[in-house]
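One structure below.
Readers should treat all values here as calculations from the given coordinates under stated rules, not as data from a laboratory. Please read all numbers here as calculations on a predicted model, not as lab measurements. We place every Cβ from the backbone using ideal geometry, glycine too, and count neighbours over all the protein chains shown.
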Amino acid sequence: MPIQTTSKIWHNGKLIPWEDATLHVMSHVVHYGSSVFEGIRCYTQPQGSAIFRLPEHMQRLLDSAKIYRMDVPYTLEELCAAAVDVVEANGVASSYIRPIVLRGYGEIGVSPKGSPIEVYIANFPWGKYIAGTGGADVCISSWNRLAPNTMPALAKAGANYMNSQLIHMEAETNGYQEGIGLDVNGLVSEGSGENIFIVRNGVLYTPPLANSALSGITRDSVLTIARHMGLTVSEQALPRELLYIADEVFFSGTAAEVSPIRSIDRIVIADGKPGEITKKIADEFFGIANGLKPDRFGWLTPVKVKAIEPVTA
Ligand SMILES: Cc1ncc(COP(=O)(O)O)c(C=O)c1O
């Protein structure tokens, strides 16, 4: 889906017109992938609008920057306030918020020293990432996720998404909606842009972060909701074949939210319908995000948006 533009983008402390948020082609980031970023959702709710887990996302942005020795000249509180400002300035609440910290125009050597740090925050409408409600048909990718001590999987860095693109393009080319990456040892890691969960015999499993998975904020929300429901939860290494014989499998992610998986490598999961535990967790997740259930974990940051919503997706 082509990007739906909004009016303003926050850049280094100022709101600037969307069309002015441009970069020089010789910027460090263009050549070496030197960026860290976030994806955050803002939801419209009956009582107003709210950003989902804003401080947790901005903290991960700062953590990603720290791993790459990028000094971000803004505090957590300033970044959170900036995200609220841009959503309110654009008047588009139901949206995806994209903060990005990048190395800009300065020097062209691999050393990033002489290139300035630039911080941008945009927001724009974005609908369902994984289409349909009946479950996605996905595959195991022939591409592995990032090996430990090569590209840090805990940093949400632009460069990591070259690997995600390979996984996703292969899946699409072969007629699947998404691909699952195994880690370098052949254990389940995550989707190209989502964490993954399995239910078997009433227990909820997800790979630990050491299997090259991103520390997903939605992953954490799912684990919190599941524990609160009294489910047994296990973060443990998972062999590929466990996916095929699981009772339920689903993805979690800011873009994907909670998305059931119907089949993997054309092997149908259970009866091919979203499972009961998946549905319960999704119901609680969407209930809180959409303001229909109490914000019992303190996950929402309210935003004041007056304009009419142009979002249709
Ligand atoms: C590779 C990868 N894994 C997992 C996730 C899920 O993370 P989150 O729930 O924080 O969006 C994402 C999305 O950001 C991702 O790109």
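What does the convex hull of the alpha-carbon atoms of the chain project to on average, in nm²? Kindly include the intermediate steps, with their values, before the conclusion.
Numbers: hull surface 62.6 nm².
The orientation-averaged projected area of the Cα hull of the chain comes to 15.7 nm².
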Highest mean packing first, using Cβ neighbours within 10 angstrom, the peptides 101-110, 210-219 sort as 210-219, 101-110
Quick calc, the stretch 172-253, dipole around Cα centre from Cβ unit charges on Lys, Arg (+) and Asp, Glu (-), nearest 20 debye, gives 220 debye
By Cβ neighbour count within 10 Å, fewest first, V268, V36, V303 rank V268, V303, V36
Computed over the chain: longest principal axis from alpha-carbon atoms vs helix 217-228 long axis, angle to nearest 10 degrees, is 40 degrees
For the chain, longest principal axis from Cα atoms; helix 54-67 axis from its Cα atoms; angle between them, nearest 10 degrees, is 80 degrees
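Ranking W10, W143 by Cβ neighbours within 10 Å, fewest first, what do you get? The partial results should precede the final answer.
Working: W10 24, W143 18.
Least to most surrounded, the residues fall as W143, W10.
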Tilt, helix 276-289 to longest principal axis of the chain (alpha-carbon atoms), in degrees rounded to tens, equals 20 degrees
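More than 21 angstrom separation, counting every C-alpha pair in the stretch 47-141; what % is that? Don't skip to the answer; put the middle values down first.
Numbers: 2180 of 4465 pairs.
Percent of Cα pairs beyond 21 Å in the stretch 47-141: 49.
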Over all directions, the stretch 1-159 yields a Cα convex hull whose mean projected area in nm² is 11.5 nm²
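How high is the relative contact order of the chain, in percent, with contacts defined as C-alpha pairs under 8 Å that are six or more residues apart?
Numbers: 666 pairs, mean separation 67.7, N = 313.
Normalised by residue count, the contact order of the chain is 22 percent.
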Given unit charges at Cβ for Lys, Arg (+) and Asp, Glu (-), the dipole magnitude of the chain about its Cα centre in debye, nearest 20, is 260 debye
Here the relative contact order (percent) of the stretch 167-288, from C-alpha pairs under 8 Å and at least 6 apart, is 22 percent
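Determine the alpha carbon to alpha carbon distance for each of K156/K304; K14/K128; K8/K306 and list only those over 24 Å.
On the way: K156/K304 29 Å; K14/K128 30 Å; K8/K306 15 Å.
Going by Cα-Cα distance, K156/K304; K14/K128 fall outside the 24 Å limit.
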When the charge dipole of the chain is computed with +1 on Lys and Arg Cβ and -1 on Asp and Glu Cβ about the Cα centre, the Cα farthest towards its positive end, among L204, V86, A122, belongs to V86
Taking the stretch 186-313, the equivalent ellipsoid from its C-alpha gyration tensor has semi-axes in Å, biggest first, of 27, 16, 15
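What ranking of S142, S49 emerges when the number of other C-beta atoms within 10 Å of each C-beta is taken as an exposure proxy, fewest first? Intermediate results must be reported in sequence, preceding the final value.
Working: S142 12, S49 22.
Ranking S142, S49 by Cβ neighbours within 10 Å, fewest first, gives S142, S49.
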The local net charge around P207, scoring Lys/Arg +1 and Asp/Glu -1 for residues other than P207 whose Cβ lies under 9 Å from its Cβ, equals -3
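Treat every Asp and Glu Cβ in the stretch 243-303 as -1 and every Lys and Arg Cβ as +1, leave all other atoms uncharged, and give the resulting dipole magnitude about the Cα centre to the nearest 20 debye.
Numbers: 7 positive and 9 negative charges, 19 e Å.
Its charge dipole is roughly 100 debye.
Within 10 Å, count the other beta carbons around each residue, average over each peptide in 234-242, 92-100, 116-124, and list them highest first.
Values: 234-242: 14.0, 92-100: 22.7, 116-124: 20.6.
The packing order, highest mean first, is 92-100, 116-124, 234-242.
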In the chain, taking the dipole from +1 charges on Lys and Arg beta carbons and -1 charges on Asp and Glu beta carbons about the Cα centre, the listed residue (P274, P46, Y32) farthest towards the positive end is P46
The alpha-carbon center of the stretch 100-174 and that of the stretch 43-98 are separated, in whole Å, by 18 Å
